[in-house]
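Worksheet: one structure, shown below.
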Amino acid sequence: MMKPRRAGASRGYEEMDGSNVPGYGTGVTRNGATGASSIGSTGSSTDATSPINGNGGAPPEFELASVSVVPDDTFTVTQAVNALGFGWFQVKLSLCVGLCWMADSMEMTILSVLGPALHCDWGITRYQQALVTTVVFLGMMLSSTFWGHLSDRYGRKPALTLCGVLLILYGLLSSVAPSFGWLLLLRGLVGFAIGCVPQSVTLYAEFLPTKQRAKCVVLLDCFWALGACFEVALALAVGPNLGWRWLLGLSAAPLFAFAVITPWLPESARYHVASGQSDKALTTLEQIAKDNKRPMLLGRLVVEGPSGSRGSVKALLGSSLRRTTLLLWFIWMSCAFCYYGLVLMSTELFGGKNKTVLPETENDCHPLATTDYMDLLWTTLAEFPGIFATIYVIERFGRKKTMALQFLFYAGCVLMITVTDVRVFLTIILFMARGVIAGLFQAAYVYTPEVYPTALRSVGVGGCSALARLGAMATPYVAQVLFQSSIWSAVSVYGFFAVCASVACMLLPYETRGTDMGQ
């Protein structure tokens, strides 16, 4: 990892960990007019006490064994981010992006509560209840590629700012929807805005040093788990007394906070360099150096690697990326299908214990009781140990093996649902399954930005997110409709997809552990 030059060293030389240049002594000169560097005068080694040109015979101020020549005095964003390390800048960014992730989690978690509430309040059918969930993911799927294009063309920050404003607007309007049709439309627009949230992970990952990137992106899932737990607790406090409208309105609070802080979000330095705005990228890197209390690298900032086709979906299916893209699409689709399926099945399993019948509609109505909310809260808390376990495993065994093992473990857990109806054992099984699928989802968020080049990173993550929403759109008809007629059939579907996705993980051509995002 490149370090800032030591005091007294000439420009054009950066200290490198473990680097060694034998046989040259200290005979290093710099031609200031051209920016070219030369070693010695004839290429032969000189005495270690030889003076440095222009230094008046003064003794050397640095050890040559710890320096290496950097051609043309250049450095890349990757080298700068690694050299500046993890510090206060990344901590602030973690809080901002984490708030966005928390708001997204709350909007997703509320779907498991909103469906049963509407079922009892408005007497909607099972298919209509599933449609409330499906329409949100439909909006997310239709918008994911749009947000990816917007982020690659105009930057991550403007896209996230617009996302925050739209989420507040549509979230509040949903709480006053006068009819089921209006509610569907507004929830679909909420889904459209949420489609931008994965770009916050892209922005976050591009500011993380290589060694800390996987751990930090996985830790970001803590905010998702926190949002899910907060939503369940809010539903417990608000739902039984004030109803689902107040729950929708109050759930927009984190969205408001995120919209307020978006003007202070930094723009991606990688985006600025890739779009030819090196001066803005340097300003951002200087801010990182200031916040992290590290000296700024000297030299000229350059683009790392070929720029490629920016924002092109066609490029994702080129010969070099086709296999990776298709496998990731299936993995993300299966991951969302399994994750949201488990969330919805949990509500069905717990709420089914309190069935009543509405005389005017003859529909089963099973409002969630306090014990149901508490069990939901316990299973949601499982995401925290799942996250921390993933942090350990993903660095020890790599991204591919971690995701493959987690899919297999999830398949085993969901199949165990059919062997018991004891509430305690059922809660434990759901706890384990929720923890492993939450960690798996975040492992996919670690791997995907790493495997795509900078020019295609946003559209690559956006495309995967779009396919994930396709899986999430289908899952209500398994978890809420098929589950009512045959529990065994429903869990078998989830087990089958999990096993297939495990195989797809092992077929991925690249392992990205320890690699730079610029590669």
What is the packing order of peptides 276-286, 457-467, taking the mean over residues of other C-beta atoms within 10 Å and listing the highest first? 457-467, 276-286
Amide proton proximity set for residue 75, modelled H, under 5 Å, gap of 5+: 300, 301, 302
Lys, Arg +1 and Asp, Glu -1 on Cβ, resulting dipole of segment 372-494 about Cα centre, debye, nearest 20: 400
Got a sec to turn the phi values of segment 339-348 into Karplus ³J(HN,Hα) couplings, 6.51 cos²θ - 1.76 cosθ + 1.60 with θ = phi - 60°, whole Hz, x for Gly and Pro? 5, 6, x, 5, 4, 6, 5, 4, 5, 5
Taking the Cα centre of segment 381-433 as the origin, how large is its charge dipole in debye, to the nearest 20, when only Lys and Arg (+1) and Asp and Glu (-1) carry charge on their Cβ atoms? 240
21 Å Cα cut-off, lysine pairs counted over segment 73-304 (separation 8 or more, or different chains): 12
In whole Hz, the Karplus estimates of ³J(HN,Hα) for segment 437-451 (6.51, -1.76, 1.60; θ = phi - 60°; x where Gly or Pro) are 6, 5, x, 5, 4, 6, 4, 5, 5, 6, 5, 5, x, 6, 7
Heavy-atom surface of segment 73-304, accessible at 1.4 Å and reported per residue (Å²): 35
Of 120, 150, 216, which is farthest on the positive side of the dipole of segment 73-304, counting Cα position, with +1 on Lys and Arg Cβ, -1 on Asp and Glu Cβ, and the Cα centre as origin? 216
Listed highest first by mean packing, meaning other Cβ atoms within 10 Å per residue, what order do 334-341, 172-179 come in? 334-341, 172-179
Starting at the first residue of segment 284-290, write each ³J(HN,Hα) from the Karplus equation 6.51 cos²θ - 1.76 cosθ + 1.60 with θ = phi - 60°, in whole Hz, x for Gly and Pro. 5, 5, 5, 5, 4, 4, 5
Accessible-area composition of segment 73-304, carbon plus sulfur, in percent [1.4 Å probe]: 69
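The values are calculated or read from the model by the stated rules, or taken from the named source; none is laboratory data. Computed from a predicted model, the values in this text were never measured in an experiment. Here the Cβ is made from the backbone with ideal geometry for all residues, glycine too, and neighbour counts use every protein chain on show. To get the accessible areas, we keep the full protein, side chains included, count just its heavy atoms, and leave off ligands, DNA and RNA. Shrake-Rupley method; radii C 1.70, N 1.55, O 1.52, S 1.80 Å.
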